[in-house]
Amino acid sequence: AAKETGEPYRHWSPALDERAGEHARLGAELQAALQAGHFVVVYQPIVALPGGRVAAVEALVRWRHPQRGLISPAQFIPVAEQSGLIVELGAWILRTACEQMAGWRAELGPAAPDRVSVNVSARQLARPQFPGAVADILRDTGLPPRCLTVEVTETAVFGGGQAVQALHQLRALGVRIALDDFGTGHSSLGLLQTVPVDVLKVDKSFVDRVTEAGRHAVIARALIQVSDGLGLTAVAEGVETAEQAEALYDLGYRLLQGYLYGRPSAAPDFGAARPPGSDA
Ligand code: C2E
Ligand code: CA
Ligand code: CA
Ligand code: CA
C-alpha cells in the first residue's frame with residue numbers, strides 16, 4: 001500500500017516510532033531505577049513433601065516504582081533483556097539473593113532453606129564472563145556453591161554453544177542447574193541429552209489441570225517418570241490447590257511450589273507449612 005500511494009510507511013511508522021520511544025524511555029527508567037535502588041528481590045518457598053519443610057526458595061525480582069507501585073517482572077524483564085541492562089540487573093539480583101541466602105544460613109542454621117534458586121536470562125548466560133561472575137559472587141558472599149541453583153529456560157540453552165558451556169562451568173563450581181517452565185519448549189526431552197541439568201521445573205500449565213483426566217495429567221505423569229529415570233529432581237510449579245498437591249504427590253512429585261504454600265515475599269516463613277487452603 002505504501003508503494004501505491006508513494007508515501008512509504010506512512011501508516012505504520014509513527015506507531016512504530018512511538019513504541020520504540022516507549023521502549024527507550026522504559027529502558028532509561030530501568031537504568032535509573034537500578035542506580036536508585038528501586039528493585040527488590042522477593043522469595044517464594046519450594047516445599048518438600050511430606051512434612052512441608054521449605055527446602056528452597058526461588059528469588060523473583062520486583063520493581064518498586066515510586067509512583068506506579070510494585071511492577072511485575074513480566075513487564076520489565078523483556079525490556080531489560082533487549083536493552084542489555086539484564087546483565088547488570090541480573091548480576092545485582094544474583095548477588096542480592098546469594099547475600100540473603102548466606103544471611104539466612106548464618107541466622108537460622110539448620111532451619112534455613114538448603115538453597116536459593118535464581119532466574120538467569122539467555123542474555124546473561126551467553127556472556128563468557130558469566131560463570132566467573134557467579135564464582136566471584138559466591139566467594140564474596142561466602143555462600144557454598146551447592147546452596148545456589150541457576151534457573152534457565154529451554155530457549156536460553158537451545159542453541160547449545162556458549163550457554164551450554166556456561167552450564168558445564170557452573171556445574172563444575174558445584175552450582176545446580178534447573179530447567180525452568182519445563183515441558184513448554186520445543187525440544188524439552190531432546191535437551192536432556194545434551195544439556196547438564198539437575199532439576200526440572202514442571203510448568204504450571206501441567207499443574208493447573210493435573211486433577212483432570214486429560215492430557216495434562218498424562219504429561220505430568222510422564223515428566224516425573226523422565227525426571228526419576230534420569231536421576232533428576234522435579235519441582236512442580238504454580239500449585240494453587242490442595243487437590244493439585246495431592247494429585248502431584250500421588251504421581252510422585254515431592255517438591256512443590258505455588259501460592260498454596262506461599263506467595264513470593266521479602267521475608268518468607270520458614271516454619272512448618274501452613275495447613276492446605278490457608279492464605280499466605
Ligand atoms: P518464572 O521463573 O516461571 O517464575 C514463576 C512465576 O510464577 C512467578 O511470577 C511467581 O510469582 C508465579 N507463581 C508462583 N506460584 C504461583 C501460583 O501458584 N499461581 C500463579 N498464578 N503464579 C504463581 P513473577 O514473579 O511475576 O515472575 C514472572 C517471570 O518473570 C518469571 O517466571 C521469570 O521468567 C521472570 N523473572 C522473575 N524474576 C526474575 C529475575 O530475577 N531474573 C530473570 N531473568 N527473570 C525473572
Ligand atoms: Ca523460574
Ligand atoms: Ca517457571
Ligand atoms: Ca514462567
Say we look at segment 141-162 and pick out the residues that are at pLDDT 95 or above and assigned to a loop (DSSP other than H, G, I, E, B); which of these is farthest from A234 (Cα to Cα)? G142
Tell me whether segment 76-91 contains one or more residues that are more than 16 Å from ligand 4 (Cβ to nearest atom), surrounded by 18 or more Cβ atoms within 10 Å (Cβ to Cβ) and hydroxyl-bearing (S, T, Y). yes
Being of a type in the set (S, T, N, Q), surrounded by 17 or more Cβ atoms within 10 Å (Cβ to Cβ) and within 16 Å of ligand 2 (Cβ to nearest atom), is that true of even one residue in segment 172-193? yes
Looking only at segment 44-75, and only at residues there that are more than 16 Å from E151 (Cβ to Cβ), among the charged types (D, E, K, R) and not in a loop (DSSP other than H, G, I, E, B), the one that is farthest from ligand 4 (Cβ to nearest atom): R53
Of the residues in segment 163-208, those that are outside any strand (DSSP E or B) and away from ligand 4 (no atom under 16 Å from the Cβ) number 24
Conditions: (1) within 16 Å of ligand 1 (Cβ to nearest atom); (2) surrounded by fewer than 18 Cβ atoms within 10 Å (Cβ to Cβ); (3) under 22 Å from the mean Cα position of the chain (by Cα). V202 meets all but one. Number of the miss? (2)
Criterion first (within 16 Å of ligand 3 (Cβ to nearest atom), touching a residue at least 40 places away in the same chain (Cβ under 8 Å) and either open to solvent by less than 30 Å² (accessible area, probe 1.4 Å) or not charged (D, E, K, R) (or both)) does A102 satisfy it? no
Quick check on segment 121-171: of everything there that is away from ligand 3 (no atom under 16 Å from the Cβ) and among the polar types (S, T, N, Q), which residue is surrounded by the most Cβ atoms within 10 Å (Cβ to Cβ)? Q124
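The values are calculated or read from the model by the stated rules, or taken from the named source; none is laboratory data. The structure displayed is predicted, hence computed values, not measured ones. Neighbour counts run over all protein chains shown; Cβ positions are idealised from the backbone, glycine included. Keep in mind that these areas ignore ligands, DNA and RNA; they rest on the heavy atoms of the full protein, side chains included. Shrake-Rupley method; radii C 1.70, N 1.55, O 1.52, S 1.80 Å.
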